[in-house]
C-alpha cells in the first residue's frame with residue numbers, strides 16, 4: 001500500500017541542494033521550489049530517507065515528511 005507524502009526541505013549548501021533535488025525527483029513530483037509530493041510504500045520511504053541521510057548535514061539542513069494518508073488510485 002502506498003501513502004502520499006509531502007516532502008519539504010531547506011538545504012544550506014547549493015551542491016547538497018542539487019543532490020537532494022535529484023534524489024526526490026526520482027521518487028515524486030516537484031510541486032514548488034522545495035516541495036515534492038511522493039507516493040511511497042514503506043520500503044520506498046525507508047530507501048528515500050536512507051539516500052537523503054547520506055547527503056544532508058543534520059546540523060545545517062532540514063527535511064520534513066508529512067504523511068497525507070493512503071494514496072488515491
Q. Going out from 0 in 5 Å bins, what whole percent of all Cα-Cα distances in region 1-42 drops into each bin?
A. 6, 24, 32, 21, 11, 5, 1
Q: Sticking with the crude label model, points 7 Å out along Cα→Cβ, report the distance from residue 13 to residue 30 in nm, one decimal please.
A: 2.1 nm
Q) Taking the simple approach of a point 7 Å from Cα along Cα-to-Cβ for both residue 43 and residue 2, what is their distance in nm? A) 1.4 nm
Q.
Below 8 Å, C-alpha to C-alpha, sequence gap of six or more: please give me the relative contact order for the chain in percent.
A. 54 percent
Q. What angle do you read, to the nearest 10 degrees and between 0 and 90, between the alpha-carbon axis of helix 14-25 and the longest principal axis of the chain?
A. 10 degrees
Q.
Order 24-34, 3-13 from most to least packed using the mean count of other Cβ atoms within 10 Å.
A. 3-13, 24-34
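Helix-only estimate, please: 222 nm mean residue ellipticity of the chain, summing -39500 (n - 2.57) across DSSP H runs of length 4 or more and dividing by its residues, to the nearest 500.
-10000 deg cm²/dmol
Find the percent of Cα-Cα distances in region 3-70 that exceed 19 Å, and round it to a whole number.
Values: 526 of 2278 pairs.
Taking all Cα-Cα pairs of region 3-70, the fraction more than 19 Å apart is 23 percent.
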(Q) Compute the angle between helix 42-53 and the longest alpha-carbon principal axis of the chain, please, reported from 0 to 90 degrees and rounded to the nearest 10. (A) 10 degrees
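Where a number appears in this text, it was derived from the coordinates with a stated rule and is not lab data. No experiment lies behind these values; they were computed from the predicted model shown. Glycine gets a Cβ as well: all are built from the backbone with ideal geometry, and neighbour counts include every protein chain shown.
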